[in-house]
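To start, the structure under review is shown below, and the notes come after it.
Derivation of every value follows stated rules applied to the coordinates shown; laboratory data play no part. All values reported here derive from a predicted model rather than from experimental measurement. Ideal geometry is used to build each Cβ from the backbone, glycine not excepted, and the neighbour counts take in all protein chains shown.
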Amino acid sequence: MARYHIETYGCTSNRGESQQIERALRDGGHRPVESPAEADVAILNTCTVVEKTERNMLARARELDDRTPGDLVITGCMALAQGEQFRAAGVDAEILHWDEVPEHVRNGECPTPTPDTEPVVDGVVGILPIARGCMSDCSYCITKRATGKIDSPSVEENVRKARALVHAGATELRITGQDTGVYGWDDGERKLCVLLERICEEIDGDFRVRVGMANPKGVHGIREELAAVFADQEKLYNFLHIPVQSGSNDVLGDMRRQHTVSEYVEVVETFDEYLKEWTLSTDFIVGFPTETERDFEQSLALLRETRPEKINVTRFSKRPGTDAADMKGLGGQTKKDRSSEMTDVKMEVVGEAYESMVGTEREVLLVEDGTEDSLVGYDRAYRQVAVPGAESAGVELGEVVTCEITGQNTVYALGELV
Ligand code: SF4
């Protein structure tokens, strides 16, 4: 679990983005620190309203780069609109969309459900942790110490909690856990498919369900059954988050990930067979201590081969007390170069996916406030769509609207109300 330092500039909306980032980080067990010098990750949430602001942002980014021993993440309007300026100024930072920041800080580890693992409704989004813990023992992970082996409440109990969230106003249910794919394994059963079917079939109401992170190993054994459930159930977003972490079986072995590259590919192929359009989300850790140049090339090749529409790239950093922390690490420059090379490929792959949406019509469930009077939502494949002017048009969060996709900003699409 990381110590983070966050600084926010600009408008109320940008402050709202920082609050969302902080909420996700705290839910993930991370804690804030006052000074960038104490932080494992410093986050600069930028504004780009006038030229003077831009100069200030660049100067502050340089200062944080100097003062933070850990990673620097730059997000916000200037990062998204003029990210290249930070690179041109020699600032060593990850440039990320607001939504990508918590995943990056997570450093390849699974999210930690809130301490009491109780469901909560946040606006129109209901968060349902279905289990706690995992079946793995990844060599770089510190989360495992806090959460232990998988502990799964019954399907009955989770359906009851899901129903309560929908009755409390949730129109999007987010099913979370360290590894949703191994839900039920402590009882000797694979229960994810049954749980999803029962939530979709037994709970009345207009809502959609997003399934959270599931490691490839757990999903591989149920891939046919799970893909069939996605194909059958209208309420499920066609979205699967399976973090592969590396394209090299040698590195996966050193990470103790328990899956192989081909098992991950087989899951992707199965979902491709069952679903016409779906979003593959995955994570890569670059610069793991034993990652050779060839291993890294294999990761890039896997990214290009499977073309995920959502990708989290994390530059490896040591977590105290883990086995990976004792391994002789790669140099900072190597990690930085690989991370930026992979980020370039990621932007190309993800940008292409969003560009292919332009000119199409989408049914979008609006779930979050955006900048100014825009609202943000997701289509059936969980592609993010920002709808400028939605509030002025009288649309509210929780509504499904039809949008024509008129543009894209690499990691999200822009929609116009039809
Ligand atoms: S699956 Fe691996 S990274 Fe995730 S919590 Fe378990 S040990 Fe940690």
Practice problem: With a point put 7 Å past each Cα toward its Cβ, work out how far Lys276 is from Arg60 in nm, to one decimal. | Solution: 4.7
Quiz prompt | Dimensionless Rg ratio for the stretch 220-272, taking C-alpha atoms and the 2.2 N^0.38 Å reference | solution = 1.28
Quiz prompt | Cα pair distances in the stretch 107-355, grouped into 10 Å bins until the bin that holds the longest one, percent each | solution = 7, 31, 35, 21, 6, 0
Quiz item: In whole Hz, what ³J(HN,Hα) sequence does the stretch 33-48 give by Karplus (6.51, -1.76, 1.60; θ = phi - 60°), x for Gly and Pro?
Solution: 10, 5, 9, x, 5, 9, 8, 7, 9, 9, 10, 10, 9, 8, 10, 9
Quiz item: Which of the lysines could be linked to Lys335 by a straight reach, that is with a Cα gap under 20 Å, when you skip same-chain ones fewer than 8 residues away?
Solution: Lys318, Lys346
Self-check item: Cut-off under 5 Å, modelled amide H: who pairs with Ile6 long-range
Solution: Val33, Ile43
Quiz prompt | Calculated SAXS-style log₁₀ I(q)/I(0) at q = 0.12 Å⁻¹ - the stretch 3-104, Debye, Cα scatterers | solution = -0.33
Exercise. Step through the table entries Lys161/Lys191; Lys191/Lys217; Lys217/Lys336, compare each Cα-Cα distance with 23 Å, and write down the pairs that go over it.
Key: Lys217/Lys336
Quiz prompt | For the stretch 195-210, 3J(HN,Hα) per residue [Karplus equation, 6.51 cos²θ - 1.76 cosθ + 1.60, θ = phi - 60°, Hz, x = Gly/Pro] | solution = 4, 5, 4, 5, 4, 6, 8, 9, 9, 6, x, 8, 8, 10, 10, 10
Quiz item: Mind checking Rg over Rh on the stretch 361-417, alpha carbons, Kirkwood formula for Rh?
Solution: 0.90
Quiz item: Using only helices, what value at 222 nm comes out for the chain when you add -39,500 (n - 2.57) per DSSP H run of length 4 or more and divide by the total residues, to the nearest 500 deg cm²/dmol?
Solution: -11500 deg cm²/dmol
Quiz prompt | Partnerless cysteines, meaning none of the other Cys C-beta atoms lie under 4.7 Å away, in the chain | solution = Cys11, Cys47, Cys77, Cys110, Cys134, Cys193, Cys200, Cys403
Quiz item: What is the packing order of peptides 33-41, 355-363, taking the mean over residues of other C-beta atoms within 10 Å and listing the highest first?
Solution: 33-41, 355-363
Quiz item: Using the reciprocal of the averaged 1/r over all distinct C-alpha pairs, how large is the Kirkwood radius of the chain in Å?
Solution: 21.8
Quiz item: At each listed q (0.22 Å⁻¹), what is the log10 of I(q)/I(0) that the Debye formula gives for the stretch 200-317 modelled as equal alpha-carbon point scatterers?
Solution: -1.22
Exercise. Convert 37 °C to kelvin, take the viscosity as 0.692 mPa s, use the Kirkwood radius over C-alpha pairs of the stretch 147-269 as Rh, and evaluate the Stokes-Einstein diffusion coefficient in µm²/s, rounded to a whole number.
Key: 216
